[in-house]
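Engineer: Just dropping this structure here.
The values are calculated or read from the model by the stated rules, or taken from the named source; none is laboratory data. Predicted model, so just to flag it, every value in this text is computed and none were measured. We place every Cβ from the backbone using ideal geometry, glycine too, and count neighbours over all the protein chains shown.
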């Protein structure tokens, strides 16, 4: 008798234990998924935030060596200043940091502490302050990428010298400059404003932000009206027949087609058959709007379906035509849902990369595009491009670009949630 | 030019709406006659006449203009008869560049100069002509439709008919997209298979299209073609990476779904579910960067610590990160399915004395199985079509391997590798990318179809 009771208790304990274990597995799985969200974000943020400031080095520039009287700059036009030969003058200003250096090799090393556009930076300073230039001006010059990374602590200093891009003597110069208080950080505005560059310290996301904006604008202009009209037709007017069934099957299938196939469509039809210009936000936008249309149509149809039939019937009962009932009463009520769907579709389009690679939006573009017909990159493509580059400086820039991309996506999704909360009617 | 013309058209449209509206109101007050529609419908009616035909004409002009301009400019050269089609189009680009001020040639200067002058002349005239045609047509039609307004005209019907046709056309875009995809893929694929036998593509074991690239298209050896385009390594790599991804995402996704639907309190659910769904909203290029820069080196270091040789582009790293990306697809779909199992089944099971685990494993999962399998299939199709993670983190060279620590390449990776940057058309290398695209399209479509059928066919109805 006691044996059987013990057996029962044992088996019950076993079952309860396995229940406990199962619960732990479930919690483990969920924590695993949550942990990766955290790891991903921490990883990106910890390597990306440092791209938002940059290292600059103070240099005293003796303008008196360039010209006898600094007031003469006031009368010069921008063109005149562009024609001034300033290269050796700028170099001498930098040599002024270490007047004792004699050897040519060391001087070259010193120059390499700075970004290659140091002459340009001095010229820009001159242009914007030409009316009140003193005999000697203190200018903050952009440090080269290697110095920037060393200063931010991203670059291992204890490697062998021949494995390092930055040499011992440069480190010596750099430490001395730090001791003299000439090295400082400033907000990295050029990173937000400029286009791409082969030099990491000069590369910016401005071009790709504008490219992304143009692309999204094209997507909005094309897919919003087309998507909403198509949804209205299918939900409100379409007779139940083979054609409309076929359209519906098509829309559902398109939602499941891998994005790269849309890139092949863009390449085969839009570029090669219609001959639209390669690498442009216009073509990118067309391809991405074909891709986002199913999302918009499906969301709009769902919100049209949620409008109760009494609204339609009420309008029809007071003499409205079918079109009037739909356009004046049903569609306005369904608009918040359609907008939410559109914003989510746009967010998808903003993060999409693969189709853009195929239509050539991977070109190296230095200029910030002015119109949707200029060649340009987009934010996700910029991430791809920079992640392929070997220089250390691009790692933080890539992460920073991802941070901005994620920022835009979060804003768009927040907007979608807010629109839904604020304007959606509950029946 | 396009921008100014479009803005003018918009202005004309707005103006003609007010004109039509005004005329309808005037008619109503002066004639004491009843018009058949409300006056603003007459406004829309006039505006449609003003804008729609003119826009269609503009569209036609812009799409055929370049062809006629080319014919006209090159007429002297065509008359010579000694140029081939491709030479002519090259010549035209050169003439265009010369017209823009880029000096390209020294020979044939008289003909070229003539052509450049012609080009400049025709560009100017065609622009003027476009303005005159489009604006003239629009103006005429405004007048016509204004005088057409009378008490017999039911403009509401016409406007509504137009809207209906417009809506229908918009819904056809989905069909046109599908047709476009199938057409562009099939066209290039068929041209590819006319050079490379389809069996070599489907069953060949060696993928190295770059070999074809280095030769001139003229002296291609057929044996070379056969050996260069065997897609089996790509299929195997795609399968391997998708398998690794599923090994990560299926257990995690399913257990997460079970926790969410059966164990979690509403409070935990409310914050955990959106956080996990963030994973689905992150652009894939971000995962690619994460895989290539963080996970792949980590996998390599761990592997080397254990004494294994791990490629820095291992299939394991790419597959693992892809698995993480897919977790939310499986978890949210399975969550919905498990939740939709009727409460009576749960209660029946509890009443028999079953523990929660026993209820879930023996009652709920079997009941929800079709939906869960459907979600797995959708996830597989997602994994196969995923591009950026594998382009950035998986190998670029095709190699037949089943070792997850080795570099493997996928269909999508090869499409990107072949088509990125400048590509020459008419080469089997470029066309092979379209053949791969067609394979991908067919496989993902089939998977989605099967997933839908599984859900439809095997789902039990409990009510």
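Engineer: For the stretch B:275-284, enumerate the residues that are within 18 Å of residue A:345 (Cα to Cα) and either exposed (fewer than 15 other Cβ atoms within 10 Å of the Cβ) or more than 9 Å from chain A (Cβ to nearest Cβ) (or both).
Structural biologist: At the first step, the residues of the stretch B:275-284 found to be within 18 Å of residue A:345 (Cα to Cα) are B:277-284.
B:277, B:280, listed by residue number.
Engineer: Something else now. Quick check on this structure: which one of B:383, B:393, B:408 is modelled with pLDDT of 85 or more, away from chain A (no Cβ under 12 Å) and touching a helix residue (DSSP H, G or I) at 6+ places or on another chain (Cβ under 6 Å)? Before you say what the answer is, go through the steps one by one.
Structural biologist: Details: B:383 fails: away from chain A (no Cβ under 12 Å); B:393 fails: away from chain A (no Cβ under 12 Å).
None of the other options fit; the residue is B:408.
Engineer: Additional query: Within the stretch A:176-199, which residues are over 20 Å from residue A:50 (Cα atoms) and under 33 Å from the mean Cα position of the chain (by Cα)?
Structural biologist: Across the stretch A:176-199, there are no qualifying residues.
Engineer: Another question, if that's okay. Which of the residues belonging to the stretch A:159-175 are more than 33 Å from the chain's Cα centre (by Cα) and either surrounded by 14 or more Cβ atoms within 10 Å (Cβ to Cβ) or touching a residue at least 24 places away in the same chain (Cβ under 8 Å) (or both)?
Structural biologist: Passing the criteria: A:167, A:169, A:170, A:171, A:173.
Engineer: Got at least one residue in the stretch A:9-26 being within 14 Å of chain B (Cβ to nearest Cβ), without any contact (Cβ under 8 Å) to a residue 40 or more places away in the chain and within 38 Å of the chain's Cα centre (by Cα)?
Structural biologist: The first filter runs over the stretch A:9-26 and keeps only residues within 14 Å of chain B (Cβ to nearest Cβ), leaving A:11-26.
Cutting the leftovers down to without any contact (Cβ under 8 Å) to a residue 40 or more places away in the chain gives us A:11-26.
When the remaining residues are screened for being within 38 Å of the chain's Cα centre (by Cα), the result is A:25-26.
Yes, the stretch A:9-26 contains at least one residue that is within 14 Å of chain B (Cβ to nearest Cβ), without any contact (Cβ under 8 Å) to a residue 40 or more places away in the chain and within 38 Å of the chain's Cα centre (by Cα).
Engineer: Can I ask one more? Looking for something within 22 Å of residue B:157 (Cα to Cα) and crowded, with 18+ Cβ neighbours inside 10 Å - is there at least one such residue anywhere in the stretch B:54-75?
Structural biologist: yes
Engineer: Please go through the stretch A:263-289 and pick out each residue that is assigned to a helix (DSSP H, G or I), within 11 Å of chain B (Cβ to nearest Cβ) and closer than 19 Å to residue B:433 by Cβ.
Structural biologist: Residues satisfying the conditions are A:263, A:264, A:265, A:266, A:267, A:268, A:269, A:270, A:271, A:287.
Engineer: Being in a loop (DSSP other than H, G, I, E, B), modelled with pLDDT under 90 and buried (at least 22 other Cβ atoms within 10 Å of the Cβ) is the filter here, so list the residues in the stretch A:370-402 that pass it. If you could, list the steps in order and put the result at the bottom.
Structural biologist: Just the residues of the stretch A:370-402 that are in a loop (DSSP other than H, G, I, E, B), to begin with: A:370-378, A:388-392.
Checking which are modelled with pLDDT under 90 leaves us with A:370-377, A:388-392.
Across the stretch A:370-402, the qualifying residues are A:376, A:377.
Engineer: Let me ask something additional. Can you tell me which residue among A:347, A:338 is within 25 Å of residue A:290 (Cβ to Cβ), more than 11 Å from every other protein chain (Cβ to nearest Cβ) and in a helix (DSSP H, G or I)?
Structural biologist: A:338
Engineer: Looking at the stretch A:102-131, which of its residues are part of a helix (DSSP H, G or I), out of contact with any strand residue (DSSP E or B) (no Cβ under 7 Å at 6 or more places or on another chain) and touching a residue at least 24 places away in the same chain (Cβ under 8 Å)?
Structural biologist: Matches in the stretch A:102-131: A:106, A:109, A:110, A:119, A:123, A:126, A:127, A:130, A:131.
Engineer: Additional query: Tell me which residues, restricted to the stretch A:358-369, are within 12 Å of chain B (Cβ to nearest Cβ) and assigned to a loop (DSSP other than H, G, I, E, B). Let's see the steps before the verdict.
Structural biologist: At the first step, the residues of the stretch A:358-369 found to be within 12 Å of chain B (Cβ to nearest Cβ) are A:358-364.
Those that are within 12 Å of chain B (Cβ to nearest Cβ) and assigned to a loop (DSSP other than H, G, I, E, B): A:359, A:360, A:361, A:362, A:363, A:364.
Engineer: Pairs only if they're at least six apart or on different chains, beta carbon under 6 angstrom, first in the stretch B:285-299 and facing chain A (nearest Cβ under 7 Å), second buried (at least 23 other Cβ atoms within 10 Å of the Cβ) and outside any helix (DSSP H, G or I); list them, first residue then second.
Structural biologist: Short answer, once both residue conditions are applied: B:285/A:353.
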